[in-house]
1. If you roll a 1.4 angstrom probe over the protein chains with everything in place, what fraction of the accessible area of region 3-212 belongs to carbon and sulfur, to the nearest %?
2. Taking the Cα centre of region 1-144 as origin, sum charge times position over the Cβ atoms of Lys and Arg (+1) and Asp and Glu (-1), and report the length of that vector in debye to the nearest 20.
3. What residue among Ser65, Ala164, Ala201 has its Cα farthest toward the positive end of the dipole of the chain, where the charges are +1 on Lys, Arg and -1 on Asp, Glu, each on the Cβ?
4. Once a ≥ b ≥ c are taken as the square roots of the eigenvalues of the Cα gyration tensor of region 103-198, is the result rounded (a/c under 1.5), prolate (a/b larger than b/c) or oblate (a/b not larger than b/c)?
5. Determine by what factor the alpha-carbon radius of gyration of the chain differs from 2.2 N^0.38 Å, reporting the quotient.
6. How much length, in nm to one decimal, is gained on full extension between Leu132 and Leu17, taken as 0.36 nm per residue of separation minus their Cα-Cα distance?
7. Could you order Arg75, Arg44, Arg14, Arg49 so the one with the most accessible surface comes first? Probe is 1.4 Å.
8. So how far, in whole Å, is the C-alpha centre of region 119-150 from the one of region 162-215?
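The values are calculated or read from the model by the stated rules, or taken from the named source; none is laboratory data. Just so you know, these numbers come straight off a predicted model, no measurement behind them. Cβ placement follows ideal geometry from the backbone for every residue including glycine, while neighbour counts extend to all protein chains displayed. Accessible surface areas use protein heavy atoms only, side chains included; no ligands, DNA or RNA. Shrake-Rupley method; radii C 1.70, N 1.55, O 1.52, S 1.80 Å.
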Amino acid sequence: MTGDLFADSPPDWREPLAPGAVVLRGYALAAAPVLLATIAAVQRQAPARRMETPGGYTMSVATSSCGALGWVTDRSGYRYSAIDPDSGTPWPPLPATILDLGIAAAREAGYPGFAPDACLINQYEPGARMGLHQDRNERDFTAPIVSISLGLPATFLFGGPRRADPARRLPLAHGDVVVWGGPSRLFFHGIAPLRPGLHPATGALRYNITLRRAG
Ligand code: MD3
Ligand code: FE
């Protein structure tokens with residue numbers, strides 16, 4: 001009988017967060033060196049840049065994209081675009097290293113058949129933050145978003161379906177992967193100002209890769 005006690009327990013790195021949302025602690029740890037080299041290669045073609053919001057503020061987070069569609073913002077709004085506005089050319093292709101990990105993580109979290117066409121790479125320096133927001137520029141909210149954290153740790157703010165809902169604080173460390181689907185897909189969320197520090201793999205930076213089905 002002892003064998004039955006743990007037979008149905010999930011692995012301890014799988015942490016349910018909210019309906020449809022799962023944390024896979026350290027899921028990207030082994031792949032981290034390859035992922036960081038891949039980010040550097042993407043950023044050589046599409047450098048991280050601090051974009052302007054529709055309200056006229058400059059984001060503290062520097063962003064870049066790869067894949068068929070990239071996320072952009074300027075005075076006219078937030079949207080996905082097939083063209084990098086800085087270069088006037090398509091975004092770099094979505095590297096298999098990122099794509100394969102994202103698809104495997106989505107499957108682990110209960111979303112088989114995830115077919116992302118957009119990959120946003122956010123780069124945080126100490127002090128950079130992302131205010132509470134919803135991700136609503138994607139066409140299909142039934143697809144999850146897969147997020148991979150690398151480098152300096154951050155505090156993720158995880159609210160609810162309404163802006164005024166209280167936000168939980170969730171630490172996200174190097175190698176953590178979170179899959180956001182189901183009802184949580186449209187929950188308000190953000191990142192608290194990054195605390196200063198040095199990470200052995202990234203120095204004074206945090207990266208977050210998100211894979212999305214945007215088109
Ligand atoms: C929950 N990025 O790029 S990733 C974003 O760490 C964004 O850079 C944060 O929010 C970052 O839009 C958080 C985790 C994440 C991404 C999208 C979500 C969580 C989400 C969409 C819905 C719910
Ligand atoms: Fe977001």
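1. 59 percent
2. Working: 11 positive and 15 negative charges, 90 e Å.
Dipole magnitude for region 1-144 comes out near 440 debye.
3. Positive-most Cα among the choices belongs to Ala164.
4. Values: a/c = 1.89, a/b = 1.29, b/c = 1.46.
The shape class here is oblate.
5. Working: Rg = 16.9 Å, N = 215, 2.2 N^0.38 = 16.9 Å.
The value comes to 1.00.
6. Working: separation 115, 0.36 × 115 = 41.40 nm, distance 1.77 nm.
Using 0.36 nm per residue and subtracting the Cα-Cα distance, I get 39.6 nm.
7. Values: Arg75 145, Arg44 180, Arg14 75, Arg49 25 Å².
The most accessible residue leads, giving Arg44, Arg75, Arg14, Arg49.
8. So the separation of the two Cα centres works out to 7 Å.
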